[in-house]
């Protein structure tokens, strides 16, 4: 059994304890079959009669459903042996009846149900079909915004008959890995700095991130397969030197001159600066830094495994941060970031400008 992480005692800060508890739970979530595993099985001829693609993150559901439909229903056969339903316009009986039809072209029939969470009527017909699925049909159910109620018999029947893929919402700590993998899938390498800039520019919108990486890959010169920070800067207008991740790097090393230069740049560019994303990045960094003090293995690789982050990210900022800040100071910084966030939303009648709030916070951190 995997040893549970020992979390710090936050008696004076119950809300912070809750945040760290949620973070710890998020990092220890167990995932089901990966997109790549399902794709590999299908390419090798291992095809299930039913695929239930469910969860909060629509990107992976769309990607996997498109792959399954395109692979299992070749264009020349789609007019005869493929059918697409939309949950709001269909009911379970109509879908089950379609699944029971025999393929006209003698291969297999593919039935794709988009927005299955909006399917009308009860699911008795779907349950009955799942208990005895057609060997010549592949049913693909796309259930977005959450998962099917596993307590219901229809959900149990579907899970028993086929493959269930849960598309979980991705977290900040997973985005650099997603960017690197996506670029590699498109045949390109990407600089660490370029990864950070893309994460800051796009955030957690995976579909948009995939699109931005595609644009960068298409813009690569003939024979060049490396995405650089300069390319990202040209594409997004985001500065390589003055951004949230450079601010984190400066604060991790207590580089006061560089940190204040970045804050000054933010203040002089109010149209491109918003305090909420900056506070989110700072809170994420110091939360990770707080957790590292309780890592059983404080080597670079040990901390990376503990945080669930790539080695380069730990090497870049976490390791210097551990040398710069004691745990008590980090806890106080986290508290101050939350206070600043409240002030930025007008809590307590605060009317300070966002840039002034950030300057006040950064000076507190550098004390």
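Numbers below:
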| read-out | value |
| --- | --- |
| Residue in segment 262-271 that is farthest from residue 363 (Cα to Cα), counting only those that are touching a helix residue (DSSP H, G or I) at 6+ places or on another chain (Cβ under 8 Å) and surrounded by fewer than 16 Cβ atoms within 10 Å (Cβ to Cβ) | 270 |
| Tally of residues being surrounded by 22 or more Cβ atoms within 10 Å (Cβ to Cβ) and free of Cβ contacts under 8 Å to residues at least 40 places away in the same chain across segment 124-143 | 2 |
| Some residue of segment 296-305 being closer than 25 Å to residue 367 by Cα and touching a residue at least 24 places away in the same chain (Cβ under 8 Å) | no |
| Residue match in segment 208-220 (condition: in contact (Cβ under 8 Å) with a residue 40 or more places away in the chain and under 30 Å from residue 242 (Cα atoms)) | yes |
| Number of positions in segment 133-176 that are in a helix (DSSP H, G or I) and in contact with a helix residue (DSSP H, G or I) (Cβ under 9 Å, 6 or more places away or on another chain) | 13 |
| Count - residues of segment 50-99 that are in a loop (DSSP other than H, G, I, E, B) and surrounded by 14 or more Cβ atoms within 10 Å (Cβ to Cβ) | 4 |
| Among residues of segment 272-301, those that are crowded, with 18+ Cβ neighbours inside 10 Å, over 19 Å from the mean Cα position of the chain (by Cα) and under 15 Å from residue 328 (Cα atoms), counted | 5 |
| Within segment 223-242, tally of residues that are outside any helix (DSSP H, G or I) and modelled with pLDDT of 90 or more | 5 |
| Residue match in segment 253-270 (condition: in contact (Cβ under 8 Å) with a residue 12 or more places away in the chain, assigned by TED's automatic domain parsing to the domain that holds residue 344, within 26 Å of the chain's Cα centre (by Cα) and at negative phi) | no |
| Given (1) out of contact with any strand residue (DSSP E or B) (no Cβ under 8 Å at 6 or more places or on another chain); (2) touching a residue at least 24 places away in the same chain (Cβ under 8 Å), index of the condition residue 156 fails | (2) |
| Residue in segment 347-358 that is free of Cβ contacts under 8 Å to residues at least 60 places away in the same chain and buried (at least 20 other Cβ atoms within 10 Å of the Cβ) present | no |
| Failed item in (1) more than 22 Å from residue 173 (Cα to Cα); (2) not assigned by TED's automatic domain parsing to the domain that holds residue 304, with residue 206 passing the rest | (1) |
| Residue check, residue 117 in a helix (DSSP H, G or I), surrounded by 15 or more Cβ atoms within 10 Å (Cβ to Cβ), in the same structural domain as residue 49 (by TED's automatic domain parsing) and touching a strand residue (DSSP E or B) at 6+ places or on another chain (Cβ under 7 Å) | yes |
| Filter result (surrounded by fewer than 15 Cβ atoms within 10 Å (Cβ to Cβ) and out of contact with any strand residue (DSSP E or B) (no Cβ under 8 Å at 6 or more places or on another chain)) within segment 185-208 | 185, 187, 203, 205, 207, 208 |
| Single residue of segment 120-132 satisfying the filter (touching a helix residue (DSSP H, G or I) at 6+ places or on another chain (Cβ under 8 Å) and part of a loop (DSSP other than H, G, I, E, B)) that is modelled with the highest pLDDT | 123 |
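The values are calculated or read from the model by the stated rules, or taken from the named source; none is laboratory data. Predicted, not measured: the structure shown is a model, and the values here were computed from it. Backbone-built Cβ (ideal geometry, glycine too); neighbour counts: all protein chains shown.
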